[in-house]
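These notes are about the structure you will find just below.
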Amino acid sequence: MEPEPTYVILMGPPASGKGTQAERLQELLDLPHVASGDLFRYNLKNETELGRRAKVYMDKGELVPDDVTIAMVLDRLSQADANKGALLDGFPRTVVQAEALDDALAEKGNGIDLVLNIRVSEEELIARVTGRRLCRQCGASYHVKFNPPKEPGVCDKCGGELYQRDDDTEEVARKRLDVYEAQTKPLVEYYEEEGLLIHIDGEKSIDEVTTALREAIENNL
Ligand code: AP5
Ligand code: MG
Ligand code: ZN
């Protein structure tokens with residue numbers, strides 16, 4: 001018999017460090033990193049119909065409609081490497097998405113194992129968003145001050161070119177924060193009621209946050 005799949009969700013406001021931490025936790029968990037924002041950006045880069053539809057919302061800092069998002073993520077979770085489960089980042093982001101995920105997992109007798117909620121203050125989030133740089137090739141995330149690459153503009157891991165996301169301006173980031181408060185915050189309560197949620201102080205250094213997440217995983221999974 002195959003072992004039961006494991007599903008861990010990394011939650012938190014825009015630029016709280018979900019992507020940065022997921023990269024570091026992937027090995028410990030031995031699970032694929034499934035990030036809805038990355039999936040949209042991959043579609044954008046490849047100029048798919050889905051990418052074109054999503055861009056309209058992403059550029060404004062709004063959420064892509066639930067039906068489109070749910071179909072995309074469930075399709076990703078049905079791929080072979082996600083047989084053993086997934087480390088989810090940026091999904092679910094609405095109660096409708098959370099319910100759809102619960103239903104899809106329940107159909108196979110599975111469910112969410114753990115939800116880690118990274119908390120960071122608003123001013124720190126704005127500083128993180130506006131200084132972020134990403135690798136065009138491998139998607140690795142950097143920060144001009146807090147996590148600079150060895151050579152400016154060049155990825156340490158693969159030598160790819162670093163760029164700034166279109167939605168990483170202060171204006172769009174503030175909108176993304178408002179959207180988070182209104183539509184995603186209710187999920188904290190949703191998972192708290194299910195007894196799955198652990199809060200993590202995300203305002204520490206990248207290494208300290210990794211340690212806290214690692215401990216939470218080791219003690220609760
Ligand atoms: P998405 O890509 O998910 O963006 P987000 O939630 O706004 O989160 P970010 O990727 O901006 O931040 P992060 O938490 O991954 O932080 P990171 O590790 O990079 O979504 C983008 C858009 O897609 C949405 O606006 C929406 O339109 C659409 N979308 C996506 N999912 C959707 C869904 N489920 N439903 C509907 N629409 C959806 O770190 C940020 C920066 O801080 C980096 O520069 C990093 O180096 C730095 N940093 C990280 N940790 C620390 C630390 N501890 N100290 C100092 N600096 C740090
Ligand atoms: Mg991210
Ligand atoms: Zn790279």
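The values are calculated or read from the model by the stated rules, or taken from the named source; none is laboratory data. Here the structure is a predicted model, which means the values were calculated and not measured. Heads up, the Cβs are rebuilt from the backbone with ideal geometry, glycines too, and the neighbour counts pull from every protein chain shown. Just the protein is used for accessible areas: all its heavy atoms, side chains included, with ligands, DNA and RNA removed. Shrake-Rupley method; radii C 1.70, N 1.55, O 1.52, S 1.80 Å.
Please express the shape of the range 160-206 as an equivalent ellipsoid: the semi-axes are the square roots of 5 times the eigenvalues of the C-alpha gyration tensor, given largest first in whole angstrom. List each step's numbers first, then the result.
Numbers: eigenvalues 149, 56, 19 Å².
After diagonalising the Cα gyration tensor, the semi-axes are 27, 17, 10 Å.
Using protein chains only and a probe of 1.4 angstrom, how many square angstrom of HIS199 are accessible, to the nearest 10?
That residue has around 70 Å² of solvent-accessible surface.
Hey, got the dipole for the range 134-191? About the Cα centre, +1 on K and R Cβ, -1 on D and E Cβ, debye to the nearest 20?
Numbers: 9 positive and 11 negative charges, 36 e Å.
The dipole of the range 134-191 has a size of about 180 debye.
So how do ILE126, ILE198 rank on accessible area, 1.4 Å probe, biggest first, that is with the largest at the start?
Numbers: ILE126 10, ILE198 40 Å².
Heavy-atom accessible area, descending, gives ILE198, ILE126.
Stretched out fully, how many nm does the piece from GLN137 to SER205 gain, at 0.36 nm a residue minus the Cα gap? Could you put the intermediate results ahead of the total?
Working: separation 68, 0.36 × 68 = 24.48 nm, distance 2.56 nm.
The GLN137-SER205 span can extend by a further 21.9 nm.
For the range 135-221, which chymotrypsin sites (Phe, Trp or Tyr not before Pro) are both in a DSSP coil and crowded by at most 16 other Cβ atoms within 10 Å? Could the numbers behind the result be given before it?
Working: sites: TYR142, PHE146, TYR163, TYR180, TYR190, TYR191; in loops: PHE146.
In loop regions of the range 135-221 (DSSP not H, G, I, E or B), the sparsely surrounded chymotrypsin sites (Phe, Trp or Tyr not before Pro) are PHE146.
Compute the longest continuous run of the chain that contains no exposed GluC sites (Glu not before Pro); treat a site as exposed when its DSSP state is not H, G, I, E or B and it has at most 16 other Cβ atoms within 10 Å. Mind showing how you got there, number by number?
Details: sites that count: GLU47, GLU62, GLU107, GLU194, GLU203.
Here the longest segment lacking exposed loop sites spans 108-193.
I'd like to know which of ALA182, GLY61, THR130 lies farthest towards the positive end of the charge dipole of the range 6-220, counting +1 on Cβ of Lys and Arg and -1 on Cβ of Asp and Glu.
THR130
Going out from 0 in 10 Å bins, what whole percent of all Cα-Cα distances in the range 92-203 drops into each bin?
13, 31, 31, 22, 3
Charges on Cβ only, +1 for Lys and Arg, -1 for Asp and Glu, centred on the Cα centroid of the chain; of ASN117, ALA35, LEU197, which one is farthest towards the dipole's positive end?
ALA35
Could you put THR48, THR211 in order of accessible surface area, largest first, with the 1.4 Å probe and the full protein assembly present?
Numbers: THR48 45, THR211 70 Å².
Largest accessible area first, the list is THR211, THR48.
Separation of the range 110-152 and the range 164-185 by C-alpha centroid, Å?
Here the answer is 14 Å between Cα centres.
Starting from the Cα of ASP102, step 7 Å along the direction of its Cβ; do the same at ASP67; then give the gap between the two resulting points in nm.
Simple spin-label model gives 2.3 nm for this pair.
Can you tell which of GLY159, ASN220, THR169 lies farthest toward the positive end of the dipole of the chain, using +1 and -1 charges on the Cβ of basic and acidic side chains (Lys, Arg; Asp, Glu)?
Among GLY159, ASN220, THR169, the one farthest towards the positive end of the dipole of the chain is GLY159.
I want to check the label-to-label distance for ALA216 and ASP178. Put each point 7 Å from Cα in the C-beta direction and report it in nm to one decimal.
2.8 nm
Computed over the Cα atoms of the range 1-126, what is the ratio Rg over Rh, Rh following Kirkwood?
Numbers: Rg = 14.6 Å, Rh = 15.3 Å.
Expressed as Rg/Rh, it is 0.96.
How many nm is it between the label spots at THR48 and LYS84, if each spot is 7 Å from the Cα in line with the beta carbon?
Rounded to a tenth, the inter-label distance reads 2.4 nm.
Counting only protein chains, not ligands or nucleic acids, how are VAL115, VAL154 ordered by accessible area (probe 1.4 Å), most first? Walk me through the intermediate numbers first.
Numbers: VAL115 0, VAL154 45 Å².
Of VAL115, VAL154, the descending order of accessible area is VAL154, VAL115.
Please get the size of the charge dipole for the range 6-220, origin at its Cα centre, with Cβ charges of +1 on Lys and Arg and -1 on Asp and Glu, quoted in debye to the nearest 20. Don't skip to the answer; put the middle values down first.
Numbers: 27 positive and 41 negative charges, 169 e Å.
Dipole size: approximately 820 debye.
Among all helices in the chain defined by DSSP H, which have a length of 24 Å or more along the axis from Cα atoms plus a Kyte-Doolittle mean of at least 1.6? Let's see the in-between values first.
Working: long enough: none.
None clear 24 Å together with a mean of 1.6.
At q = 0.09, 0.11, 0.13 Å⁻¹, what is the base-10 log of I(q)/I(0) for the chain according to the Debye formula with one equal point scatterer per Cα and no solvent? Please give it to two decimals.
Those come out to -0.34, -0.52, -0.75, one per q.
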